[in-house]
Every structure is written in C-alpha cells, then in structure tokens.
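To start, the structure under review is shown below, and the notes come after it.
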Amino acid sequence: MTQEELFKKLIAHSKEYGFVYQSSEIYDGLSAVYDYGQNGVELKNNIRQYWWDAMTRLHENIVGLDSAIFMHPQTWVASGHVGAFNDPLIDNRDSKKRYRADILIEEWIAKQEEKIEKEVAKASKRFGDSFDESMFRQTNPRVKEVQAKIDVVNARMIKALDANDLAEVKRIIEDCEIVCPISGSRNWTDVRQFNLMFDTKLGSVSDEANTIYLRPETAQGIFVNFLNVQKTSRLKIPFGIAQVGKAFRNEIVARQFIFRMREFEQMEMQFFVRPGEEMKWYEYWKEKRMQWHRAMGFGDDKYRFHKHEKLAHYANAAADIEFNFPFGFKEVEGIHSRTDFDLLNHQKHSGKKLQYFDPETNESYVPYVVETSIGLDRTFLMVLSAAYAEEKIAKEDGGEDERVVLRIPPALAPVKLAVFPLVKKDGLPEKARAIMNDLQVDFACQYEEKDSIGKRYRRHDAIGTPFCITIDHQTTEDDTVTIRYRDTMLQERVQATRLREIMEDKVSIRKMLMSIR
Ligand code: GAP
C-alpha cells in the first residue's frame with residue numbers, strides 16, 4: 001500500500017468510526033472545516049488533557065487562561081497581523097487553481113532533495129558497508145549540482161519574501177519551470193498578497209470602524225493579559241501562561257484533511273523570560289516539547305526538528321517539530337523565540353505599560369517571550385496516522401482474517417475498556433453491567449452484547465480500545481473475567497475485583513507525565 005492509499009484509508013476510517021466528519025456534509029460540506037464525532041471528541045479531549053497537564057501540572061510556574069476569540073481590533077494591528085499576516089498567492093490561468101507561491105517553490109525544493117536522497121540510496125547500495133555518506137554528499141558531482149541549485153533558489157525565495165518582492169517570487173517560479181499540478185501548464189498570474197484573517201462586524205452598525213477579526217492565533221489573548229495574570233498570580237519571571245482554543249485562518253490552500261483547516265484549535269504557551277535569557281529557554285522548550293511527543297511512544301525516528309531560515313515577523317529564532325505523516329515530514333508544533341515584539345507593540349498601541357518589575361535585579365523591563373505552539377487537530381491527525389495499522393491475523397479454523405487496529409496510546413484512547421457478556425443469558429449481562437457500573441465513573445467504558453465476541457473485538461480494535469473484558473460462565477463461579485489486549489490480542493484471566501487497579505496503571509495519563517517530568 002502506498003502512503004497515499006494509506007492516507008485515503010485513514011480519512012475513510014475516521015468517518016466510518018465516528019472520529020471526523022466533513023462539516024455541513026448534507027450541504028456538500030464546507031471546505032477545510034471539520035466536525036469531530038463521538039470517538040473523535042474523546043480522543044481530542046484526551047490529547048488536550050495530556051498537553052494541559054504537561055504544561056500546568058508539571059510546571060509550578062505555568063498557569064492557564066481562557067481568553068475570548070474576539071479581541072479589540074487594535075490587537076491585530078499591534079501584533080502585525082493586519083499588516084503582515086499574508087500568504088503570497090498565485091493562480092494558474094488554465095486550471096483556475098490557486099496556490100501559495102512559496103509552497104510551490106518549497107515543493108520544487110523537496111523534489112530536488114528527493115533526487116539527492118535517491119542518489120545517496122543508490123550509492124549506499126552499491127558500496128555497502130564501506131559507504132561514507134557524508135563524503136559522498138560533499139563530493140558527488142550530481143549531488144553537489146542539485147544541492148547548489150536548491151541553495152540558490154532557497155536564498156532567492158527567503159530574500160524575495162523578506163523584501164515582499166512578489167515579482168521576484170514569480171520569476172523564481174518561472175526560472176524553476178514549475179508547472180501547475182492540475183493543468184501541467186506554466187500559465188501563471190502575478191503573485192499577490194492575501195491576508196489570512198477572517199473579519200466580521202461587531203454590533204448592529206456595519207461600518208469599517210466596527211470590523212473585528214476572528215483570532216488567527218490564541219497567543220495574543222495571552223499577551224494582552226500578561227500583567228493581569230502576573231499580578232493576580234504573583235508569579236515571578238520566568239513564568240508561563242497556557243491556553244487552548246479555536247483559531248481561524250482563511251487558508252488559500254486547504255489540503256490534507258485536518259492538517260490545514262480554516263477553523264482549528266491551538267494549544268499555546270507563552271513563557272516570559274528576562275531579556276537576554278531567551279535562547280537558553282528556547283533550547284529548553286525545544287527539548288521539553290520533543291520529550292512530550294516522544295512519550296506517546298510512536299518511535300523517536302518519526303520526529304525531527306526543522307530550523308526556520310525565514311523567520312516570522314516577530315521571531316529571532318524558530319524551529320518546528322515535524323512528524324512523518326503519510327504525506328511526509330510536516331510541522332506539528334512551532335517553538336518560537338518571539339523577543340519582546342508583541343508586548344512592546346501592545347504597549348505602544350494601547351498606551352499601557354506592560355513592564356515587569358524584577359525584584360532580583362531591581363529593574364523594570366518588557367519581558368522576552370518563548371512560545372510553544374501546537375495544533376490540536378494536527379496532533380490528532382498525527383496520533384491517528386501513527387496508530388493506524390492493517391494486519392493479517394490467524395482465525396481459529398486455521399484460516400486468515402484481517403483487522404484494522406488503531407494503536408492509540410491507551411491513555412489517549414477514546415474508549416478505555418469494552419465490557420462484553422459472552423452470551424445474552426444466564427445472568428452474564430447483569431454481571432457485565434455491574435462491572436461496567438463500577439468502572440464507568442473512572443474510565444470511558446462501553447458495554448456491548450451484540451454479535452460474536454470476535455466481531456466485537458474487531459469493532460473495538462478499529463476505534464483503538466486497548467482492553468476488552470469478557471464475562472463468561474466461569475465469572476459466575478469464581479468472579480474472574482478475561483482481559484483481551486488490543487495490541488497483542490493475548491488474553492488473561494484476572495479477578496474482577498482487580499480490574500480497577502489494572503486499568504488505573506495502564507490507561508492513566510500519569511505514566512506519560514511521569515516519563516517527562
Ligand atoms: N502563535 C504562533 C503560531 O500560531 P503557527 O506556526 O502559525 O504559529 C502553530 O501555528 C501551530 O498551529 C502549527 O504548528 C500547527 O500545528 C497549527 N496550525 C497552524 N495553522 C493551522 C491550520 N490552518 N490548520 C490546522 N492547524 C494549524
């Protein structure tokens with residue numbers, strides 16, 4: 001199965017098993033807007049909880065906030081979003097399709113990098129154990145030639161975007177002979193800037209003065225509340241404020257399912273530090289956040305850092321944590337050193353001082369900020385992509401069966417425990433109900449008595465339920481039940497009274513948190 005086929009299956013599976021639906025589907029959907037079904041909402045809540053606890057419980061100096069989506073319009077002038085939150089877009093006149101010009105160039109660069117990787121793989125095969133990869137990359141004429149092309153184009157793109165030189169961006173597309181993936185033609189329009197913020201009107205009078213924006217990031221709610229929180233919590237620098245909430249962006253190219261949406265959720269934390277200490281904290285948070293990802297257990301090789309060459313208007317250093325999605329390594333989280341850009345600008349535009357008095361140095365200053373910003377929906381897609389597996393399994397009659405299993409970390413699984421009476425008689429349903437009643441306050445449980453046990457296992461494998469408990473005739477004699485483990489499919493007989501203790505150990509977020517504290 002190709003990665004593309006895998007991704008299509010994942011999307012279909014998400015819908016079939018109540019994880020993600022297209023928004024307003026009965027009206028043919030709304031592009032790049034999605035709804036979360038009964039299992040999706042549980043998974044999303046669990047990821048959110050894991051993040052929230054990792055931030056606010058594991059760090060005494062990080063507190064939470066829930067600020068409004070609507071903010072004073074000056075907020076977005078001060079933050080630079082009104083002036084600079086733009087994407088360069090370009091249309092292909094033949095296909096009438098619109099693209100982000102910088103992404104077209106980045107995709108061209110990625111293709112060149114693939115060429116290099118192919119050369120390296122070929123040579124590695126040819127030379128075997130004696131292959132010196134780094135020497136090969138430095139000396140092979142073909143690799144050097146392609147790398148030089150990449151470097152030139154990359155440098156030109158960064159310079160053109162920094163200078164807002166849209167004519168040069170178009171020239172790069174022409175010079176690289178980039179064609180429209182739909183029409184195959186190079187019949188491009190000029191490149192234009194497009195602001196990504198959605199606006200609407202506040203109150204009943206619809207004039208320019210009442211224009212407000214749907215926030216494109218949650219961070220600004222934290223910045224404008226920085227002194228409120230600091231004063232009321234009496235936190236001392238360094239300290240952080242964490243927030244989870246909706247953000248909205250009128251993305252030009254919304255593709256890849258819930259990877260790039262127009263309405264999405266962010267989990268952001270702004271860490272306020274002494275000026276000059278931001279690089280130390282930037283490195284600290286890069287490491288901490290990578291630990292958080294790795295503790296989910298999908299494999300360390302699924303992640304990598306990507307250092308930003310082109311920095312956002314507010315940053316002096318930035319890196320992404322990328323995950324290997326079915327469509328390649330892509331950003332899940334950004335760690336940004338935002339300097340004092342935001343606070344200084346809010347100070348300027350609001351006329352209110354946003355300074356911190358440091359009792360250790362006896363100085364007042366505008367703190368610097370290191371931000372960690374992760375998309376909840378993107379993390380959800382990461383978990384689903386890493387968890388989805390199709391497997392051949394042996395049947396009892398000696399034949400073969402297939403199962404789709406979501407190997408979601410138990411602590412994040414939408415349903416932790418499914419409870420099955422073996423048959424619908426002989427007092428087994430009553431016993432199963434009693435066990436379920438005892439456990440459902442602490443764990444997300446589901447009761448199922450329809451179909452064979454095998455079919456019930458398949459249904460729960462498909463939504464990632466880590467444990468299935470079967471109540472059979474032996475249960476009525478000695479109060480034991482079988483636990484069937486999702487990943488190994490092994491079964492174990494245990495006393496029913498031990499279930500709570502067993503579950504607590506296996507499904508609590510605690511274990512993941514303990515591993516990263
Ligand atoms: N406050 C900084 C900020 O918003 P960003 O890199 O633009 O930085 C942070 O966004 C994270 O938000 C990204 O790493 C990604 O996970 C998520 N994100 C951004 N745009 C998104 C979109 N259109 N759809 C889904 N997630 C998105």
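Data overview
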item	result
Square roots of 5 times each gyration tensor eigenvalue, C-alpha, segment 410-514, largest first, Å	21, 15, 12
Probe 1.4 Å, all protein chains present, accessible-area order of Arg100, Arg403, Arg93, Arg517, largest first	Arg517, Arg93, Arg100, Arg403
Fraction of beta bridges assigned by DSSP in the chain that are antiparallel (%, nearest 5)	85
Loop GluC sites (Glu not before Pro), segment 9-70 (other Cβ atoms within 10 Å of the site Cβ: 11 or fewer; DSSP)	Glu60
Accessible surface, per residue, of the chain when the full set of protein chains is kept, probe 1.4 Å, Å²	49
5 angstrom amide H check on Tyr17, placed H, neighbours 5+ away	none
Solvent exposure, largest accessible area first (probe 1.4 Å, DNA, RNA and ligands not counted), of Asp479, Asp175	Asp175, Asp479
Farthest positive-ward along segment 398-449 dipole, Cα basis, beta-carbon charges - from Asn437, Ala413, Tyr447	Asn437
Positive-end residue, segment 1-145 charge dipole about Cα centroid, Cβ charges, pick of Ala101, Gly40, Pro141	Pro141
With every protein chain in place, the chain: carbon and sulfur % of accessible area (1.4 Å)	49
Candidate lysines - alpha carbon under 23 Å from Lys231, same-chain residues fewer than 8 apart omitted	Lys348, Lys352, Lys353
Cross-link reach list, lysines versus Lys144, counting only Cα pairs under 27 Å and skipping chain neighbours closer than eight places	Lys111, Lys115, Lys118, Lys122, Lys125, Lys159, Lys170, Lys307, Lys310, Lys330
Built amide H within the under 5 Å cut-off of Met71, gap 5+	Tyr213
Test item: Cα-centred dipole of segment 246-293, Lys/Arg +1 and Asp/Glu -1 on Cβ, debye	140
Dipole in debye (nearest 20) - the chain, about Cα centre, beta carbon charges: Lys, Arg +1; Asp, Glu -1	340
Scattering curve values for the chain, log₁₀ I(q)/I(0), Debye with Cα scatterers, q = 0.08 Å⁻¹	-0.64
Charge dipole (the chain, unit charges on Cβ, about Cα centre) - positive-most of Phe298, Thr482, Gln347	Gln347
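The values are calculated or read from the model by the stated rules, or taken from the named source; none is laboratory data. The structure presented is a predicted model; accordingly, all values stated were derived computationally and were not measured. All Cβ positions, even for glycine, are placed from backbone atoms using ideal geometry, and neighbour counts span all protein chains on display. With ligands, DNA and RNA removed, areas are computed over all heavy atoms of the protein, side chains included. Shrake-Rupley method; radii C 1.70, N 1.55, O 1.52, S 1.80 Å.
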